[in-house]
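In what follows, a structure is listed as structure tokens, so that the remarks can point back to it.
The values are calculated or read from the model by the stated rules, or taken from the named source; none is laboratory data. Given the structure is predicted, the values throughout are model-derived calculations rather than measurements. Cβ sites come from the backbone with ideal geometry, for glycine too, and all protein chains shown count toward neighbours.
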Amino acid sequence: MAVGTIHYGDYRNVRGVQVSFDQIVTIGSPRNALRPLDKHYFHRLTVKETACDSVPKDQVLLDSTQDEGSDRKPHSHS
């Protein structure tokens, strides 16, 4: 069994939606991740640019269980 953690960062507003432009995968639980993450990772995805033309804004839903001002992540439905 393997345990890994994805650390999302560098959020930017893209047409009203917060998008993570930096995603780092570490081995183990979040507590056991070696710091700094940018020096101790298993895999890293860096987004250079985005396009958001295919999903109409009225079809992007926010998680209604989150309090206003919290770390709200966007969800798209089909």
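Kindly indicate the residue of segment 1-36 that is touching a Pro at 6+ places or on another chain (Cβ under 9 Å) and surrounded by 15 or more Cβ atoms within 10 Å (Cβ to Cβ) and also nearest to Leu61 (Cα to Cα) among those meeting that condition.
Looking at the filtered set, the residue picked out is Val17.
Which condition number in (1) modelled with pLDDT under 80; (2) out of contact with any helix residue (DSSP H, G or I) (no Cβ under 9 Å at 6 or more places or on another chain) is the one that Pro36 fails?
Every listed condition holds for Pro36 apart from (1).
If you take the residues in segment 37-54 that are within 18 Å of the chain's Cα centre (by Cα) and assigned to a loop (DSSP other than H, G, I, E, B), which one is surrounded by the most Cβ atoms within 10 Å (Cβ to Cβ)?
Step by step, filter segment 37-54, then rank; the result is Tyr41.
Go through Ser64, Ser20 for me and flag whichever is of a type in the set (Gly, Ala, Ser), modelled with pLDDT of 75 or more and farther than 18 Å from Ala2 by Cβ.
One residue alone meets the criteria, Ser20.
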